[in-house]
Amino acid sequence: MNIMNVDYSTKIPNNVNLTEDRQVLKALEGWHPGYLDWWNDMGPEGFQDSLVYLRTAVSVDPKGWAKFDYVRMPEYRWGVLLAPQDEARKVNFGQHMGEAAWQEVPGEYRAMLRRLVVIQGDTEPASVEQQRHLGKTAPSLYDLRNLFQVNVEEGRHLWAMVYLLQKYFGRDGREEADDLLRRRSGDADAPRMLGAFNEATPDWLSFFMFTFFTDRDGKMQLESLAQSGFDPLSRTCRFMLTEEAHHMFVGETGVGRILQRTCEAMKAAGIEDPNAVEKVRALGVIDLPTMQKKMNLHYSLSLDLFGSEVSTNAANFYNCGLKGRFQETKIEDDHRLTNDIYQVLKFVDGEIKLVDEPALTALNMRLRDDYTADCAKGVERWNKIIEKAGVNFRFELPHTAFHRQIGEFRDVNATPKGIIINDAEWAKAKGDYLPSADDGDFIASLMTPVSEPGKFANWIAAPKVGIDNKPGDFEYVKIAA
Ligand SMILES: [Fe+2]
Ligand SMILES: [Fe+2]
C-alpha cells in the first residue's frame, strides 16, 4: 500500500492500513456512531444538510494532498492520516537521544503520553462546539465555507488523536476516546480541559481572533509533539500541521480584511482620528481600539494554554523524549539541556523581572516565547495594512503579565503595558483594555448574515483570492441544498 495515498475504500479513510488492523478498525467503527451523534448535536447549527465546498485530504504528499468538492458535513470523510514513516528517525532530544524512534509506547511513559494525547485531543472538538452558532451570522458564503472547513478539520484532528488512543493505549485509550465525546465546551459539569476552550466565541471577530491566536497555540503544541520520540504521535502531528496552516490563514486574513474595511471606511468619511469610536461605528464598521481589546483578550487567554512558566511536567516530557521544543532539530545545542538556563519572566518583590531558571523546567516559557514571536510577526502584517491605508494606529500585543489566570501573573493586575495596578484601578480601567458588554453588543449588532454569492457584510472586505482559485461570486455553500 502506498503510504502517500489515502484508502477511501473503507468506511474510515486512512493511510495506516486499517483493513489489516482488524482490532483497531473494530474499535474505531465502534466509536464512529458516537462521533456522528456528537457532530449532529454539537457541530455547525443549521447547516448539516447544506452542500459545502470543502477540501478533503486524499494524500499526505505536501505537493498535492487535497481535493475540493461539495459535501454535506455529516458525510465528510473524516480519516486517519499520518505523515510517511522515516525508517531512520531517531529520538532527537532528552535522555534517550540517539535511540531509534519508538514505534510502540514505552511502558514507563504510557501515562504521560496518554495525557499528552488526551489534552491535545480535547481541544479539537471543543473549538467546533465553541463555533457552532457562527454559521447563522456569516458575513459571506466564502467565510461560511472557511468556518466549516476549520470545523471538519478539527473533527478530523479528534479522529487523529482517537486513533492513537485506540491503537496504542488499550482499554484506557478507549475510555479516553469516549470521554472526548462526553465533555462539552463551557459545560458546568463536564467542561473541556483547558480554559480558553470553555470561552464563548460570540461573533466573527472572536472567531478570527481565535483562529489566529488559539489555533496558533495549537500549532506550537503540535510542533513540539511532532518532535516526539513516539513516532506515531510525531507522524500524526506533522500531517495535522498541514491543515492547521489554513486555520491560521483564516484568522489572519479575517482580521486583516476587517481592518482593511474599517480603514477604507474611515478614509472615505474623512475620519482621521482612529479613537473617534462613535464616529467610526456609525459607519457600520468595527473601530480599531475595539479590535485591539479583542486582541488583548484572545492573546492573554491563549498564553494561559502554555501552562506554568516553570513546570516539572514539561521537564519530564522533554527528558523522556515525549515532547520537544519548537523546531527542536534546527536548534544547535546538546538537546538535553541538563546544565542550561533559560530566562523566565517572574513576579518578584512586586516587580516583573527576568530570572534565570533551569532550561528544562522553563520549557513552557520557552515555547510561549516562540509563540509570542510568531504572533508578533502576524500583528506586524496587520499593522502594514493599517499603515498602507494611511491610518495612524498600531496594534500591539499586550504584556505577558496582562489578564492572566495561570502562571506567575495570575494574582496581579497588570496593564497591557505591564504596569502593576491595584484592584480599584483595574476595575476602573478594565473596560479600556478588554471588550466590554457594550463593545460586544455593538459587534453583535453588525452580525447579520450575508448569503448572496460574491457579497460581503459591510464590516469586512472581500478576500484577494478565492478558495481553490474560485471566482469572486462562487457559491461556496449551497445553503438550502
Ligand atoms: Fe486542530
Ligand atoms: Fe485548528
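Worth pointing out:
- Selection count, the stretch 204-222, where residues are more than 13 Å from ligand 2 (Cβ to nearest atom) and touching a Leu at 6+ places or on another chain (Cβ under 8 Å): 2
- Candidate set from the stretch 401-412 (those that are open to solvent by less than 30 Å² (accessible area, probe 1.4 Å) and under 23 Å from residue 290 (Cα atoms)); member that is nearest to the chain's Cα centre (by Cα): 404
- Unmet requirement for residue 373, which otherwise passes all of (1) open to solvent by less than 30 Å² (accessible area, probe 1.4 Å); (2) part of a helix (DSSP H, G or I): (1)
- The single condition from (1) free of Cβ contacts under 8 Å to residues at least 12 places away in the same chain; (2) farther than 30 Å from residue 52 by Cα that residue 465 fails is (2).
- Filter pass, residue 40 being part of a helix (DSSP H, G or I) and either touching a residue at least 12 places away in the same chain (Cβ under 8 Å) or crowded, with 19+ Cβ neighbours inside 10 Å (or both): yes
- Filter result for the condition that a residue is at pLDDT 95 or above and touching a Ser or Thr at 6+ places or on another chain (Cβ under 7 Å), over 404, 381: 404
- Scan of the stretch 240-260 for residues that are open to solvent by less than 10 Å² (accessible area, probe 1.4 Å), of a type outside the set (D, E, K, R) and within 13 Å of ligand 2 (Cβ to nearest atom), ordered by number: 240, 247, 250, 251
- Test: residue in the stretch 320-337 that is farther than 30 Å from residue 152 by Cα and assigned to a helix (DSSP H, G or I): yes
- Residue match in the stretch 54-61 (condition: more than 19 Å from residue 152 (Cα to Cα) and modelled with pLDDT under 95): yes
- Meets criteria (farther than 24 Å from residue 320 by Cα, surrounded by fewer than 24 Cβ atoms within 10 Å (Cβ to Cβ), within 16 Å of ligand 1 (Cβ to nearest atom) and among the acidic types (Asp, Glu)) for residue 272: no
- Taken over the stretch 238-272, the residue count meeting the criterion of being in a helix (DSSP H, G or I) and more than 18 Å from the chain's Cα centre (by Cα) is 13.
- Selection of the stretch 330-365 for residues being farther than 22 Å from residue 223 by Cα, of a type in the set (A, V, I, L, M, F, W, C) and either surrounded by 19 or more Cβ atoms within 10 Å (Cβ to Cβ) or in contact (Cβ under 8 Å) with a residue 24 or more places away in the chain (or both) yields 345, 347, 352.
- Listed conditions (1) crowded, with 19+ Cβ neighbours inside 10 Å; (2) among the aromatic types (Phe, Trp, Tyr); (3) over 30 Å from residue 337 (Cβ atoms); (4) touching a strand residue (DSSP E or B) at 6+ places or on another chain (Cβ under 8 Å) are all met by residue 35, apart from (4).
- Residue-level check: of (1) out of contact with any Pro (no Cβ under 6 Å at 6 or more places or on another chain); (2) more than 16 Å from ligand 2 (Cβ to nearest atom); (3) in contact (Cβ under 8 Å) with a residue 24 or more places away in the chain, residue 79 misses just (1).
- Filter result for the condition that a residue is within 17 Å of the chain's Cα centre (by Cα), at pLDDT 95 or above, more than 16 Å from ligand 1 (Cβ to nearest atom) and open to solvent by less than 30 Å² (accessible area, probe 1.4 Å), over 134, 158, 113, 144: 134
- Of all residues in the stretch 379-387, one or more are open to solvent by less than 30 Å² (accessible area, probe 1.4 Å), without any contact (Cβ under 8 Å) to a residue 24 or more places away in the chain and farther than 24 Å from residue 322 by Cβ.
- Selection within the stretch 53-103 - out of contact with any Leu (no Cβ under 6 Å at 6 or more places or on another chain), assigned to a loop (DSSP other than H, G, I, E, B) and among the β-branched types (Val, Ile, Thr): 58, 91
- Residue match in the stretch 428-437 (condition: within 30 Å of residue 479 (Cβ to Cβ), hydroxyl-bearing (Ser, Thr, Tyr), in a helix (DSSP H, G or I) and open to solvent by 40 Å² or more (accessible area, probe 1.4 Å)): no
- Assessment of the stretch 186-193 against the conditions (in contact with a helix residue (DSSP H, G or I) (Cβ under 8 Å, 6 or more places away or on another chain), open to solvent by 10 Å² or more (accessible area, probe 1.4 Å) and within 13 Å of ligand 1 (Cβ to nearest atom)) yields no matching residue.
- Residue satisfying all of: in the stretch 209-231; away from ligand 1 (no atom under 16 Å from the Cβ) and buried (at least 23 other Cβ atoms within 10 Å of the Cβ); nearest to residue 184 (Cα to Cα) among these: 209
- The set of residues from the stretch 56-93 being open to solvent by less than 40 Å² (accessible area, probe 1.4 Å) and over 27 Å from the mean Cα position of the chain (by Cα) comprises just one member, 89.
- Only one of the numbered conditions (1) open to solvent by 10 Å² or more (accessible area, probe 1.4 Å); (2) out of contact with any Asp or Glu (no Cβ under 9 Å at 6 or more places or on another chain) is violated by residue 173, and that is (1).
The values are calculated or read from the model by the stated rules, or taken from the named source; none is laboratory data. The structure displayed is predicted, hence computed values, not measured ones. In this analysis, Cβ positions are derived from the backbone assuming ideal geometry, glycine residues included, and neighbour counts consider all displayed protein chains. Ligands, DNA and RNA are stripped out before the accessible areas are found, and what is left, the full protein with its side chains, is counted by its heavy atoms. Shrake-Rupley method; radii C 1.70, N 1.55, O 1.52, S 1.80 Å.
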